[in-house]
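Report on the following structure.
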2 protein chains.
Amino acid sequence: VSNIHTAEILSVGTELLLGNIVNTDARDISEKLSELGINVFYHTVVGDNPERLTQALETAKQRADIIITTGGLGPTCDDLTKQVLAKSFGLELYFDEEEAESIRHFFHTCHAGRPIPENNMQQAYLPVGCTKFHNLWGTAPGCAFEADGVHVLMLPGPPRECNAMLNHCAIPYLRKLSDEEIFSHTIHIFGAGESAVEEQLHRQMTELANPTLAPYAKEGEVMLRATAKAKSHAEAEAMLQPLLAEVETALGDLIYAYDVASFEASIVGLLKEKQCTLSAAESCTGGLLAQRMTSIPGASAVFRGGVTVYSNESKSRLLGIDPTLIAEHGAVSELVAREMATHMRETLETDLSVGITGLAGPDGDGSNTSVGTVFVSLASATDCFVRELHLGTGRTRLRTAAVNHAFDMVRRYLTGKPVLAEYQV
Amino acid sequence: VSNIHTAEILSVGTELLLGNIVNTDARDISEKLSELGINVFYHTVVGDNPERLTQALETAKQRADIIITTGGLGPTCDDLTKQVLAKSFGLELYFDEEEAESIRHFFHTCHAGRPIPENNMQQAYLPVGCTKFHNLWGTAPGCAFEADGVHVLMLPGPPRECNAMLNHCAIPYLRKLSDEEIFSHTIHIFGAGESAVEEQLHRQMTELANPTLAPYAKEGEVMLRATAKAKSHAEAEAMLQPLLAEVETALGDLIYAYDVASFEASIVGLLKEKQCTLSAAESCTGGLLAQRMTSIPGASAVFRGGVTVYSNESKSRLLGIDPTLIAEHGAVSELVAREMATHMRETLETDLSVGITGLAGPDGDGSNTSVGTVFVSLASATDCFVRELHLGTGRTRLRTAAVNHAFDMVRRYLTGKPVLAEYQV
């Protein structure tokens, strides 16, 4: 059996073809397959139509030895993925009493007292001989089977269910197809662009075969992924450690974390570890920092709150900043950024506080300040640091970058790194 | 020539297959094609590989008479969409001096003084006889041609460029393929689920042929789209108005807007129209309302600012709420919601102010309050309205729904509708 597999992702759902939703399932599955070292050469999307699904399936069989479907497992008459796939591979469907019981239980919990619509039970039919993927996050079970030399995996369409079953069922199934396993670490970077990182680590990124080092850009963030293939997790780790050490030597404190879900998640973790509280006074980012912090469950232990001061008056009223200072220096100025962080810190008595003021555009404010100018400040009991940034245009991009700079300053402060170190983004 | 067209979207880019990015281009194009009444039966994604792209193209030719490609038009050696498509359709490429000049100009503007890398000029090659799609948002031009009975349109991959050229070049091109044109209005609804809306408008949604009425769910919002096919815009409008009137009779003040980009965009517009200012005190939504408001350019004219009061102490310090009230009633209570909005309004002297306090979970707070309980308040000079909501679980979904309720209350207040009307979401 070859260890090199080729997968095709076949997403089923008319709502994808109508543009009602974006195919995040295919992205999420591809990302995981790439980590497992499985090639993905095609994504295909078809509607809830048996003929076109059958055709797409025949095409996929010719060019992949792993087919992963998403969608079409639910209770409505449009949900026909299992039926079409079973027929195409010559498999019978059987009624799984365990799954039926679980569907009844789920239904009773959510709709106590109401009879179960009959079509709900169609979800309990599964191909004979398949490996069941029990769905703890919804009612439709997924499954996997091998037929005609192809491994077929079926996952539900709703992204929350698809993701959970990908991680808990599909990946363990796929890992067993190889006698080697793949493990990786993600290195999160702030303060250098992709090309600068590539320059530093060109040799490792081009010459290594196992482990490997690859760049990985996602939503404006630069990351690296170090991946090793080995017989065991311990062996893979032993292969990865020297590479991670080389990366750390090359990038130093540009690395802000390893294997985290997001910058905000790493900041919440770091603040908890250091038992340190944070607050924020935001102007141009308009609550984005607060919103990203509070999107992390448990953030309330370290994030006390903040203000969105979207007018000069609110800067005075909420933070007590002297209006004449704003008039003299301008709302977008180093001094006002400094005042925002220090006043915020005093008001909420947090260990640290961040201030962000800038001109997000698209239009200027009539002053000499150019669109894209942002001042980000960090106040502690003894210091106040300010970064002056010129972040260019693009309101959303600029606001995200300004918040990331604030996170970077907090991270550097808490880990004893120079807060105003050289940075270029 | 038939007026019924079938399109396939063929996205080219290894980064899609690696799961680095999500295919928003296919969603955006599908949405527009659906508005134009063009069927989309397949999306296909292939990597930057000439053989597999050629194969995917051959398959697409068999099943579509419009093929729209995204990606692979740039300057790198991986960018081969034009070359592969020209070859597959037997067309020569020519060097377009106008496009070349524009690329040179773009490059000089961005990188003054640096020589243009030679590979940048490959973008100036286009298939002989094509309709050029000039790219005002980047360097790579797109194009369209007809060959072998198929209309082929090529758009760049970066979503900003793809979207702009879709709207400015591809849609006008596609409109000309039919002697009738399609126009639509989107009806935005808050306060009723999709099935309740369908029940009200079942006849219109199932029996009409031209104009049509179709549901349209996107990121948790319920919308309807009324579409008419006619020889002119005026004729289409005349067909649509009676249908819109029927929808308005059925749904009444559940309709919050027509043809808007988002709930927040409609609220900013409405506040401007009524010359009314807003501020917000947020607890469980942690700045999400402020962030959504300030994501709209020009929001500063009406949104003065807000506070994120993520601890009991911050509710007292920033808003001056009596700590004994919070202790007696609990942070998640009707009274505290009321206090938050009224104190916020007084602090920033805005016409209206919103307060949001709730338990977003996933964990409880040790009190009797269940996860998902949210109080949303709206204070004016004379009134304070409070909605008590039970929004279930799912931190992100719950926070979004709570902010939407606040927007709905503002909208109802400003348009003279009952602020606490019956709602069910």
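The values are calculated or read from the model by the stated rules, or taken from the named source; none is laboratory data. All figures in this text were calculated on a predicted structure; none of them were measured in a lab. Quick reminder, even Gly has a Cβ in these numbers, built from the backbone with ideal geometry, and neighbours come from all protein chains shown. These area figures cover heavy atoms from the full protein model, side chains too; ligands, DNA and RNA do not enter into them. Shrake-Rupley method; radii C 1.70, N 1.55, O 1.52, S 1.80 Å.
Things to note:
- Innermost chain A residue relative to the axis carrying A onto B, by Cβ distance in angstrom: A:Gly287, 2
- Distances in nm from B:Ala421 to the matching label points in the other copies, shortest first (labels 7 Å along Cα to Cβ): 5.6
- If R0 is taken as 35 Å, the Cβ-Cβ distance between A:Leu177 and B:Asp259 corresponds to a FRET efficiency of 0.10.
- Modelled label reach - A:Glu58, point 7 Å along Cα→Cβ, the range A:128-156 residues with backbone N closer than 17 Å: A:148
- Gap separating the Cα centres of the range A:286-323 and the range B:174-203, nearest whole Å: 39
- Considering only beta bridges that DSSP places wholly inside the range B:65-192, some 70 percent are antiparallel.
- With the simple spin-label model, which puts each label point 7 Å out from Cα in the Cβ direction, the B:Glu146 to A:Gln275 separation comes to 7.6 nm.
- Per DSSP, loop trypsin sites (Lys or Arg not before Pro) in the range A:195-255 with at most 12 further Cβ within 10 Å: A:Lys231
- Max mean-square fluctuation residue, GNM over chain A, Cα-Cα springs under 10 Å, options A:Ile116, A:Ile68, A:Ile29: A:Ile116
- Once both labels are positioned 7 Å from their Cα atoms along Cα-to-Cβ, the gap between B:Leu136 and A:Arg203 label points is 5.0 nm.
- Computed [θ] at 222 nm, deg cm²/dmol, chain A (DSSP H ≥ 4; -39,500 (n - 2.57); rounded to nearest 500): -11500 deg cm²/dmol
- Its residues counted as N, the range B:1-159 yields a C-alpha radius of gyration over 2.2 N^0.38 Å of 1.04.
- Over the Cα atoms of the protein assembly as shown, the radius of gyration divided by the Kirkwood radius equals 0.96; this is the Rg/Rh ratio.
- Over the range A:331-425, relative contact order from alpha-carbon pairs under 8 Å, at least 6 apart, %: 24
- Among the GluC sites (Glu not before Pro) in the range B:327-425, those located in a DSSP loop and surrounded by at most 16 other Cβ atoms within 10 Å of their own Cβ are B:Glu349, B:Glu422.
- Inter-copy label distances at B:Cys77, using a point 7 Å along Cα-to-Cβ, come to 5.6 nm with the shortest given first.
- The antiparallel fraction among DSSP beta bridges confined to chain A stands at about 60%.
- Computed over chain A with a Gaussian network model linking Cα atoms closer than 10 Å, the most mobile of A:Asn163, A:Asn368, A:Asn23 is A:Asn368.
- For chain A, the fraction of alpha-carbon pairs lying more than 42 Å apart is 32 percent, rounded to a whole number.
- B:His202, B:His5, ranked by accessible area, largest first (probe 1.4 Å): B:His202, B:His5
- Relative contact order (percent, whole number), chain A, Cα cutoff 8 Å, 6+ residue spacing: 10
- Per-pair calculated FRET efficiency, R0 = 30 Å: B:Thr415 and B:Glu346 via Cβ, rounded to 0.05: 0.75
- On chain B, 51 percent of the accessible area sits on carbon and sulfur atoms, based on a 1.4 Å probe.
- Surface analysis of chain A yields an accessible area of 41 Å² per residue, using protein heavy atoms and a 1.4 Å probe.
- Net charge, B:Glu181 excluded, C-beta distance under 14 Å - Lys, Arg +1, Asp, Glu -1: 0
- Accessible surface buried upon A-B contact (total; probe 1.4 Å; Å², nearest 100): 4800
- Against chain B, whose longest principal axis comes from its Cα atoms, helix B:334-348 is set at around 70 degrees.
- Label point 7 Å beyond Cα along the C-beta direction, distances from B:Glu207 to other copies (nm, shortest first): 7.7
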